[in-house]
Protein chains: 2
Amino acid sequence: MTRVERKSEMSISDKIKRSMAQGSWVRKMFEEGASFKRRYGEENVFDLSLGNPVMEPPVEFHQELKRLVENPLPGMHRYMENAGYPETRAAVATQLSLETGIKFTMNDIIMTCGAAGALNVVLKTILNEGDGVIIFAPYFPEYTNYIDNHGGIVRILPTDEQFIPRLDILETTIGAKTRAVLINSPNNPSGSVYSEDFVRQLGELLGKKETQYGTQIFLVSDEAYRKIIYDGRKYPQVWPYHQQSIVVTSHSKDLALPGERIGYIAVNPACRQREELVDGLIYCNRTLGYVNAPALMQHVVSRLQSVTVPVAEYQKKRDFLYAHLNEMGFSVMKPQGAFYMFPKSPLEDDVAFVRELQSWRVLTVPGCGFGAPGYFRISYCVDDRTLEGSLAGFGKAAQKFNLC
Amino acid sequence: MTRVERKSEMSISDKIKRSMAQGSWVRKMFEEGASFKRRYGEENVFDLSLGNPVMEPPVEFHQELKRLVENPLPGMHRYMENAGYPETRAAVATQLSLETGIKFTMNDIIMTCGAAGALNVVLKTILNEGDGVIIFAPYFPEYTNYIDNHGGIVRILPTDEQFIPRLDILETTIGAKTRAVLINSPNNPSGSVYSEDFVRQLGELLGKKETQYGTQIFLVSDEAYRKIIYDGRKYPQVWPYHQQSIVVTSHSKDLALPGERIGYIAVNPACRQREELVDGLIYCNRTLGYVNAPALMQHVVSRLQSVTVPVAEYQKKRDFLYAHLNEMGFSVMKPQGAFYMFPKSPLEDDVAFVRELQSWRVLTVPGCGFGAPGYFRISYCVDDRTLEGSLAGFGKAAQKFNLC
């Protein structure tokens, strides 16, 4: 009888219930943040907890959207092929060819509902139940959900002090069941950008392991922040260094359109069995229920492939915040890209430290949320007022924990 | 050694490879259709195979889109809560309250990437591995993919001659592991609309079985075609007849926006453990990688909740085609909604018959694609020229197979 009563209480699956319970502290923290805002007023709380860029899309976006809306194409809101409009795929391919010197065609590109959609489609396509996917801490927390969605087994490996994956540990970890290595550069949450040399070594290692096990090991590169890169740095491409490489990305950050869910998958033209892979990706884009990337946004981004938000503004914010945190005595790596900073927590317990910051009305995210306890994440894609306003709180924390 | 070589050939998962192979005949048929178009010219092939409405969105849509694009709100392309904009959710709730006489609030609504996204989110949220989901043939073919995506076991039950689910068979099929019954009215592919009486009986049966097994059995109602309904018929709501009911729908058909991926989940306000369920749905909307429904379209549909494409035009097309097919001797049920007809195939082998129709340059889909061999689906959401042009081919088929 007891069992029957328990069963009857089940409105959501056991697994989702467990996952939600595990993540409930994050939610609790956000709720506390929201209650701080209610108590002290929105303008007196400095929210650096979200990766939701404050920048508006570039003027070219507004112009192109207006042009399309004022001159609607017949059928422009209808279904199209699941892979997306041929002209959009071709435009992405042309831009990628330009950026990389490698010849892409529309057949290498699948338009998706953002990078999150892209990554789910890739994992669904390539993973057999129980296949291993390696990620590196600190990592974007949704990765573990996405891998689990499609029956993959997550393996989390460490990075060095510069947040670069430890290749020596990777080498001893890859086995016959390793199906993919998922990297993210510029990295959320650390802001680190991998070097060309690192990418080359990583590619060589994967190639060696493929030969050793007679398998395909995909290098899946999440490049959502590829265009948000500083100090004139050149972005190192994965394409030349590993055949079985797939890039997932979106226009959420480079065109400041995170709510619109527009991104793409690009497959290495040199991929072995490329055609079967691409067919599989298109199939999974459909069968996972994405169906296709939003039609209007596909039309809009077609002509905006070479447009990016003014990255110099993010760099200025980085410089401002980094200089101040550094001066206060925080131990923090200077980010080379994205719009996050990942300082060491002055307290061993990063959740406790984030709570301290909250008490000074500064909202951040504890490192344990990214698989890296002992750190905390600052998102600096906020307006200058918020950034400037947060300094007092950071200063008080620095004083309290004797950082200077 | 052989095994290693086979493994190394694997660019997509075994399961996706199998699924694609199973569905490859559909693809082949579409490719044949495309080659017919190339050979005879687009205008000489009458394509009734796709559920991609030819109608443009209503004028109110264009006006609202223009208004928004000319007066952009600050941050209108940014992330919002995963459930969607509060004002959009509230607008949907208000319209649903109006249509049903039941009080919905924004907390009962989750905006999604179309009905396909909605259904995947629902299934992910409620299904434990191995839970049973019952559907009725003929059914929308993606259902089996969606259920399988989330570890559910598909159980396919028959309908009667009017394509209404057989409740007597349902009664003996539901067991302790049955987690959901998925219905679709107006139905794709049959065009049948369930009666209020049927929905009431179905609700009673599910309630009885919930008590018998001490479980929750969800009635998931796919109402993508709810507004496309003919002859002044009133749409029977599921809400009064089963507490654990969830509606998934989209604006793909009522606003003719299938490419934009904008839809929603509505949860019965009377649902037991409604709050936990809604939290789970929002969580899965995020973790499945949908993140949120496209932002701009959420803004647009907010004010269009009471707007629908001119349904009378679809009804005219139905009347025209039904009258002609009937006269030719086809055995076909007069659809009460959606924009499909599902006649009996004059040949037992529906694939062979669809091939015959192809030879007269009329493209349709065999019933076996919908779990109902011996029938074929005609989609009449096409322009009148295509519909009129198809009659010659249907006439020849009727003659050849002596229908009159």
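Brief remarks on what is shown
- Among the residues listed as B:Gln243, B:Gln305, B:Gln237, the single one being at pLDDT 95 or above and within 17 Å of the chain's Cα centre (by Cα): B:Gln237
- Of all residues in the stretch A:263-280, those that are at the interface with chain B (Cβ under 8 Å from one of its Cβ atoms), buried (at least 21 other Cβ atoms within 10 Å of the Cβ) and closer than 16 Å to A:Ala118 by Cα total 2.
- Residues (part of a loop (DSSP other than H, G, I, E, B), β-branched (Val, Ile, Thr) and either within 14 Å of another protein chain (Cβ to nearest Cβ) or surrounded by fewer than 20 Cβ atoms within 10 Å (Cβ to Cβ) (or both)) located in the stretch B:228-262: B:Ile262
- Any hit, the stretch A:123-135, residues being buried (at least 19 other Cβ atoms within 10 Å of the Cβ) and under 23 Å from A:Ile378 (Cα atoms): yes
- The condition of being within 13 Å of chain B (Cβ to nearest Cβ), more than 23 Å from the chain's Cα centre (by Cα), at pLDDT 95 or above and in a loop (DSSP other than H, G, I, E, B) does not hold for A:Met80.
- When B:Arg261, B:Arg226, B:Arg233 are checked against the criterion of being basic (Lys, Arg) and farther than 30 Å from B:Pro294 by Cα, a single residue qualifies: B:Arg233.
- Within the stretch B:356-383, the residues that satisfy the criterion of being assigned to a helix (DSSP H, G or I) and either under 15 Å from B:Gln162 (Cβ atoms) or in contact (Cβ under 8 Å) with a residue 60 or more places away in the chain (or both) are B:Gln358, B:Gly367, B:Gly369, B:Phe370.
- Being out of contact with any strand residue (DSSP E or B) (no Cβ under 7 Å at 6 or more places or on another chain), more than 20 Å from B:Arg274 (Cα to Cα) and charged (D, E, K, R) is a property that does not hold for B:Glu81.
- Within the stretch B:389-401, the set of residues being free of Cβ contacts under 8 Å to residues at least 40 places away in the same chain and farther than 12 Å from B:Arg361 by Cβ comprises B:Gln399 only.
- For first residues located in the stretch B:338-350 and charged (D, E, K, R), partners that are in a strand (DSSP E or B) and lie 6+ apart or on another chain with Cβ distances below 8 Å form the pairs B:Lys344/B:Tyr375; B:Asp350/B:Pro366; B:Asp350/B:Tyr375; B:Asp350/B:Phe376.
- In the stretch B:136-155, the qualifying residues are those that are within 9 Å of chain A (Cβ to nearest Cβ) and part of a loop (DSSP other than H, G, I, E, B), and the one that is surrounded by the most Cβ atoms within 10 Å (Cβ to Cβ) is B:His150.
Listed here are the residues, each with its yes/no results for (1) in a helix (DSSP H, G or I); (2) surrounded by fewer than 22 Cβ atoms within 10 Å (Cβ to Cβ).
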| position | (1), (2) |
| --- | --- |
| B:Leu170 | yes, yes |
| B:Ala176 | no, yes |
| B:Arg179 | no, no |
| B:Pro186 | no, no |
| B:Pro189 | no, no |
| B:Phe198 | yes, yes |
| B:Gly207 | yes, yes |
| B:Gln212 | yes, yes |
| B:Gln216 | no, no |
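- Residue within the stretch A:296-309 that is charged (D, E, K, R), surrounded by 20 or more Cβ atoms within 10 Å (Cβ to Cβ) and away from chain B (no Cβ under 14 Å) present: no
- Screening A:Pro74 against (1) buried (at least 16 other Cβ atoms within 10 Å of the Cβ); (2) within 14 Å of chain B (Cβ to nearest Cβ); (3) touching an Asp or Glu at 6+ places or on another chain (Cβ under 8 Å) leaves a single unmet condition, (1).
- Of the set (1) on the phi < 0 side of the Ramachandran plot; (2) at pLDDT 95 or above, all apply to A:Gly369 but (2).
- Flag if B:Arg89 is facing chain A (nearest Cβ under 8 Å), of a type in the set (D, E, K, R) and either touching a strand residue (DSSP E or B) at 6+ places or on another chain (Cβ under 8 Å) or in contact (Cβ under 8 Å) with a residue 40 or more places away in the chain (or both): no
- Options B:Asp319, B:Asp383: the member that is surrounded by fewer than 24 Cβ atoms within 10 Å (Cβ to Cβ), within 14 Å of another protein chain (Cβ to nearest Cβ) and either in contact with a helix residue (DSSP H, G or I) (Cβ under 6 Å, 6 or more places away or on another chain) or over 30 Å from A:Ser19 (Cβ atoms) (or both): B:Asp383
- Among residues of the stretch A:34-70 being more than 14 Å from chain B (Cβ to nearest Cβ) and surrounded by 13 or more Cβ atoms within 10 Å (Cβ to Cβ), the one that is nearest to A:Cys381 (Cα to Cα) is A:Leu48.
- Within this structure, B:Glu210 fails the test of being more than 24 Å from B:Pro343 (Cβ to Cβ) and in contact with a strand residue (DSSP E or B) (Cβ under 7 Å, 6 or more places away or on another chain).
The values are calculated or read from the model by the stated rules, or taken from the named source; none is laboratory data. Only a predicted model underlies this, so the values are computations on that prediction, with no experimental measurement involved. As a convention, Cβ positions derive from the backbone with ideal geometry for all residues, glycine included, and neighbour counts pool all protein chains shown.
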